[in-house]
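Visitor: Sharing a structure, written as structure tokens. Questions coming.
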Amino acid sequence: MFFSPLSIFSQVSSLQSPKKSAAGGWLANDCALCGAGCGRELLCAACAASLPRIGPACARCGLPLPSGEVCGACLRDVPAFDGAVTAFAYGFPLDRLVQRFKYGGDLAIGCWLASALAQRVAHESRPQLLVAPPLTRARLRERGFNQALEVAKVVGRGMRVRCSLHGVRRRHDDAPQAGLSRRERLANLRDAFDCREDVRGLDVAVVDDVLTTGATAEAMARALKKSGARSVRIWAVARTLEPRDV
């Protein structure tokens with residue numbers, strides 16, 4: 001399956017909106033999770049309320065922390081990025097939505113997830129540039145689109161912040177990240193990214209679909225700061241809650 005590189009979400013409005021019946025009335029949508037009628041929404045109220053969210057979190061890595069300050073792990077090993085904000089915790093049933101977008105190309109769900117992140121960061125300090133982690137060439141051929149970039153476009157439009165389409169490139173096609181520990185992921189991504197955008201003195205936000213161990217975020221932040229970015233924050237649709245392994 002291949003989607004236009006301009007934006008997969010340019011095709012979404014007709015998928016998100018309920019259709020009119022032959023009699024001219026609106027046909028209700030079925031909830032994307034449970035199949036119950038949900039009017040003009042993508043999810044029914046019960047399923048929307050069941051999506052896992054993160055409460056107070058570490059101001060640096062985004063993992064749950066009652067104080068909302070900086071966790072011990074980030075104090076001991078300070079990340080290259082300056083903060084992380086996510087809309088959801090990555091768990092059931094949110095993970096089903098992410099997978100349908102990421103691997104199944106479900107455009108309506110992708111737009112809904114991106115809009116949820118846009119709402120979550122609406123009151124954050126406004127960056128001057130948005131970027132998304134680039135996929136490997138093999139992964140891009142397989143999926144036909146970069147899901148993180150498509151999310152970034154929606155967030156950028158909502159905040160009126162420019163989204164760089166090709167500001168960061170991969171130096172090489174590294175091995176798949178799935179199943180690797182954080183230390184292995186960091187090694188896998190060492191010097192993986194090269195910043196081609198002029199980011200000197202800019203506050204940049206890296207937009208992604210899922211923040212897992214933070215290895216990709218770390219590598220992106222290092223590349224951007226090496227090129228002169230003043231600050232780098234991570235904005236992701238979801239955050240995994242597994243303990244940070246070393």
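The values are calculated or read from the model by the stated rules, or taken from the named source; none is laboratory data. Computed from a predicted model, the values in this text were never measured in an experiment. All Cβ positions, glycine included, derive from the backbone under ideal geometry; neighbour counts span all protein chains shown. All accessible areas refer to the heavy atoms of the entire protein, side chains included, with ligands and DNA or RNA removed. Shrake-Rupley method; radii C 1.70, N 1.55, O 1.52, S 1.80 Å.
Visitor: Can you tell me which residue in region 75-98 is least open to solvent (accessible area, probe 1.4 Å), limited to those that are among the charged types (D, E, K, R) and within 26 Å of Pro127 (Cα to Cα)?
Guide: Taking region 75-98 first, the residues among the charged types (D, E, K, R) are 76-77, 82, 95-96.
Filter again for within 26 Å of Pro127 (Cα to Cα), leaving 77, 82.
Numbers: Asp77: 81, Asp82: 60 Å².
Restricting to residues being among the charged types (D, E, K, R) and within 26 Å of Pro127 (Cα to Cα), the top hit is Asp82.
Visitor: If I ask for residues that are part of a loop (DSSP other than H, G, I, E, B) and of a type in the set (Gly, Ala, Ser), which ones from region 78-106 would you list? Walk me through it before giving the result.
Guide: Going through region 78-106, the residues part of a loop (DSSP other than H, G, I, E, B) turn out to be 78-82, 90-93, 103-106.
Result: Ala80, Gly91, Gly104, Gly105.
Visitor: Looking only at residues that are in a loop (DSSP other than H, G, I, E, B) and among the aliphatic types (A, V, I, L, M) in region 45-65, which one is most open to solvent (accessible area, probe 1.4 Å)?
Guide: Here the answer is Ala59.
Visitor: Given the options Leu6, Leu33, Leu42, name the one that is among the aliphatic types (A, V, I, L, M), at pLDDT below 90, assigned to a loop (DSSP other than H, G, I, E, B) and within 21 Å of the chain's Cα centre (by Cα). Even if it seems obvious, please write down each step before you answer.
Guide: Values: Leu33 fails: at pLDDT below 90; Leu42 fails: at pLDDT below 90.
When all the criteria are applied, what remains is Leu6.
Visitor: Here is a follow-up. Quick check on this structure: which one of Gly72, Gly39, Gly68 is loosely packed, with under 14 Cβ neighbours inside 10 Å and without any contact (Cβ under 8 Å) to a residue 12 or more places away in the chain? Working first, answer last.
Guide: Values: Gly39 fails: without any contact (Cβ under 8 Å) to a residue 12 or more places away in the chain; Gly68 fails: without any contact (Cβ under 8 Å) to a residue 12 or more places away in the chain.
Residue meeting the stated conditions: Gly72.
Visitor: For region 107-126, which positions are touching a residue at least 12 places away in the same chain (Cβ under 8 Å), open to solvent by 10 Å² or more (accessible area, probe 1.4 Å) and either outside any helix (DSSP H, G or I) or touching a strand residue (DSSP E or B) at 6+ places or on another chain (Cβ under 6 Å) (or both)?
Guide: Those that are touching a residue at least 12 places away in the same chain (Cβ under 8 Å), open to solvent by 10 Å² or more (accessible area, probe 1.4 Å) and either outside any helix (DSSP H, G or I) or touching a strand residue (DSSP E or B) at 6+ places or on another chain (Cβ under 6 Å) (or both): Ala116, Arg120, Ala122, Glu124, Ser125, Arg126.
Visitor: When residues of region 189-207 are filtered for being open to solvent by 10 Å² or more (accessible area, probe 1.4 Å) and in contact with a Pro (Cβ under 6 Å, 6 or more places away or on another chain), how many remain?
Guide: Result for region 189-207: 1.
Visitor: Also, quick follow-up: For the structure I just gave you, tell me whether Phe101 is buried (at least 18 other Cβ atoms within 10 Å of the Cβ) and over 24 Å from Ala89 (Cβ atoms). Full working, then the answer.
Guide: Details: buried (at least 18 other Cβ atoms within 10 Å of the Cβ): yes; over 24 Å from Ala89 (Cβ atoms): no.
It is false that Phe101 is buried (at least 18 other Cβ atoms within 10 Å of the Cβ) and over 24 Å from Ala89 (Cβ atoms).
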